[in-house]
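What follows is a single structure, written as structure tokens, with notes after it.
The values are calculated or read from the model by the stated rules, or taken from the named source; none is laboratory data. Because the structure is predicted, anything quoted here is derived from the model rather than measured. Note: ideal-geometry Cβ built from the backbone for every residue, glycine included; neighbour counts use all protein chains shown. Remember, those area values only see protein heavy atoms, side chains included, never the ligands or the DNA or RNA. Shrake-Rupley method; radii C 1.70, N 1.55, O 1.52, S 1.80 Å.
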Amino acid sequence: MAKRAIRVIDSTMRDGSHAMAHQFTSAQIASIAEALDDAGVTTMEISHGDGLGGSSFNYGFSAEPEENWLRAAAKVVKKAKLAILLLPGIGTQEHLTAAYDLGVRVARIATHCTEADISQQHIELAREMGMEVVGFLMMAHMIKPELLLEQAKLMESYGAQCVYVVDSAGAMRPDEFKRKVSTLRGGLEVPVGAHCHNNLGLSIGNSLAAVEEGADYVDGCTVGLGAGAGNTPTEVLATVLELEGYDTGIDLYKIMDAAEDVVKPIMPRPQVVDRASLTLGYAGVYSSFLLHTYRAAAKFNVEPRDILVELGKRKVVGGQEDYIIDLAAEMAQAQEAAKKNS
Amino acid sequence: MADKVKCAILGSGNIGTDLMLKLQDSELLDLTFVVGIDPNSEGLALAKQLGLETSHEGFDGYVKQHELADIVFEATSAKVHMANAPRLKELGKTAIDLTPAAVGPYVVPYVNIGDVLDEPNVNLITCGGQATIPMVNAVSKVTRVPYAEIVATIASKSAGPGTRQNIDEFTSTTSEAIVRIGGAEQGKAIMILNPAEPPIMMRDTVYCQVEEMDQEAILASIHETAERVRTYVPGYRLRIDPVFYDDRVVITLEVEGAGMFLPKYSGNLDIMTAAAKAVGEEFARHRLGLPTGAGVGTEVSRG
């Protein structure tokens, strides 16, 4: 029997941008893109961590304009398709058109899991330009499978050719992933994808659960380079999928080498589950809040985990990085007041 | 009672209806006429109850009785206002535009209203713009601001289909106005929708990169500006003391609506109707030959 094909989309150069505090250089992008292309990765996503146009005070400024990254990758890639991420509200149709002009042919349009209707213009424009379009429903742990399906159907109706269950907080467990993927599979005509974070140490388990339930697209980042505790490591994902009898088209030695020789040497910190990133998964908080929380915690002398747990309670969503400093300052003021009273 | 200037509202949806209620106690504007397109709309029913003239025939309905109003608040959609704007101009009306059409120059009460009082058409930018541009301006009055960025987070429930389908309009219009009206050299705007229940209040963060970090002067200007904005949007407040670090000032704001027709959490809509009223009253003072300039943002406009 022919092995079922799974499309692995590598996001080292997009979700990894969070872990790099958006400081990728064009030279680094070129070397990563070349290695991934050579390893047989068919689609690679390149953008600021918060998508096109994300370079800002709120999310961190990129070391170089995204156009430089895309140009650098386009120059070296022979077979793979280039993809971008775009979050309506942050990036605009103008960014999308500019990316198309640089050779990008896959547009991933992301919204919070309840707000799919803000993606219509962007999905339609990308389709009109002839791009392949993926809908990305972030923070999917926050809503029930049926509601997630309603939102996925909206994206499908605008023209998305695949819709992702995105566990931005790394908070989902395999059973939940299965329920959500199977609900989407049952209700959509288009394929379903899975994007996992490793905050609870479950990125591979969740990816496999999703594939078993029929997800045809899975995201990875080499060495797991990504927000929070990182993403599903592409090299591990490709290995596990091959062992399980799926066809990814990825050369295992080459992807392992790309991880070990190209990506690992440029990583500013090891990609591990530490107490703060574990707390992201525990509290259900957007993974890219991690480094911003460390900075705010240091500035205001409060415990990072307290900030994260409180952000979770207040149901803060992706993109609300500005809330972190606000909350840290509020907690510091409360600490001061408590000290004075004691 | 002093003379008032007669005005009409085009659009009997949420925004038009909230504005209708806000104008009831105005000492400068006499709301006479509300125009919609749905004879069964709640807004038109309410207008009738208040004894106002109504029409459900859209712009044609207004034209039939245009002598009822000299100032027209446009609370329809960008597309509709684009079509109406030239006709309003022909009729010699002053249009105060709450849609993203931006036919006329941008206006933020207190910041630049003195510059636009002879314009036939002014535009209220966006909700995020009304909330944050006063703060960008507060900082840029003290020191050069090479770059300013704002993040507006609003409750999902308070974002209507118009906003949702045209989210790029929000970011591009607001960014432009941060520069033109706020006084920053470059601007960026971000909008986030949060679906939490109960719905969150509108929250805004303003980041200004500054050339000279004169904390005392910047703080004084911020607090003075917040006080001025509160004269027409009482629920406008700083969430925490502004934070200074590196070369930037971070100002976090919350806008609680007045809770007249719209729920209190939709401060984003409230600040639009409150600003529209403040702008309309300043135009009225101008027409009536009353002192302007100091007007908006002082006790007078409390209405």
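Tabulated values for the structure
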quantity	calculated
Helices (runs of 4 or more DSSP H) fully within the range A:88-185 counting 3 or more residues that are more than 14 Å from chain B (Cβ to nearest Cβ) and of a type outside the set (Phe, Trp, Tyr)	A:145-158
Index of the failed condition, B:Leu238 passing every other in (1) crowded, with 24+ Cβ neighbours inside 10 Å; (2) at pLDDT 95 or above; (3) within 14 Å of chain A (Cβ to nearest Cβ)	(1)
Selection count where residues are of a type in the set (A, V, I, L, M, F, W, C) and at the interface with chain A (Cβ under 9 Å from one of its Cβ atoms), scope the range B:163-179	2
Qualifying residue in the range A:326-337 (condition: under 18 Å from B:Asp204 (Cα atoms), open to solvent by 10 Å² or more (accessible area, probe 1.4 Å) and at pLDDT below 95)	yes
Enumeration of residues in the range A:245-278 that are without any contact (Cβ under 8 Å) to a residue 40 or more places away in the chain and in contact with a helix residue (DSSP H, G or I) (Cβ under 7 Å, 6 or more places away or on another chain)	A:Leu252, A:Met256, A:Ala259, A:Arg275, A:Ala276
Neighbours by Cβ (under 8 Å, 6+ apart or cross-chain): first from the range A:292-317, away from every other protein chain (no Cβ under 12 Å) and in a helix (DSSP H, G or I); second surrounded by fewer than 17 Cβ atoms within 10 Å (Cβ to Cβ) and among the hydroxyl-bearing types (Ser, Thr, Tyr)	A:Pro304/A:Tyr294
Odd one out for A:Pro174 among (1) open to solvent by 30 Å² or more (accessible area, probe 1.4 Å); (2) in contact with a strand residue (DSSP E or B) (Cβ under 9 Å, 6 or more places away or on another chain)	(2)
Condition met for B:Leu253 (under 30 Å from A:Tyr59 (Cβ atoms), of a type outside the set (Asp, Glu) and open to solvent by 20 Å² or more (accessible area, probe 1.4 Å))	no
Single unsatisfied condition, B:Gly160 versus (1) within 8 Å of chain A (Cβ to nearest Cβ); (2) closer than 21 Å to B:Ile15 by Cα	(1)
Among the residues listed as B:Ala47, B:Ala8, B:Ala95, the single one being within 22 Å of B:Thr126 (Cα to Cα), touching a strand residue (DSSP E or B) at 6+ places or on another chain (Cβ under 6 Å) and without any contact (Cβ under 8 Å) to a residue 40 or more places away in the chain	B:Ala95
Among (1) within 26 Å of A:Ala19 (Cβ to Cβ); (2) in contact with a Ser or Thr (Cβ under 9 Å, 6 or more places away or on another chain), the one test that A:Ala209 misses	(2)
Single match in B:Gly187, B:Gly128 (criterion: closer than 27 Å to B:Phe283 by Cβ, over 16 Å from the mean Cα position of the chain (by Cα) and more than 9 Å from chain A (Cβ to nearest Cβ))	B:Gly187
Count of the range A:318-327 residues which are facing chain B (nearest Cβ under 8 Å) and of a type in the set (A, V, I, L, M)	1
Those helices (runs of 4 or more DSSP H) lying entirely in the range B:22-100 with at least 1 residues modelled with pLDDT under 95, under 23 Å from B:Leu288 (Cβ atoms) and not basic (Lys, Arg)	none
Selection count, the range A:1-42, where residues are over 15 Å from A:Gly230 (Cα atoms) and assigned to a helix (DSSP H, G or I)	14
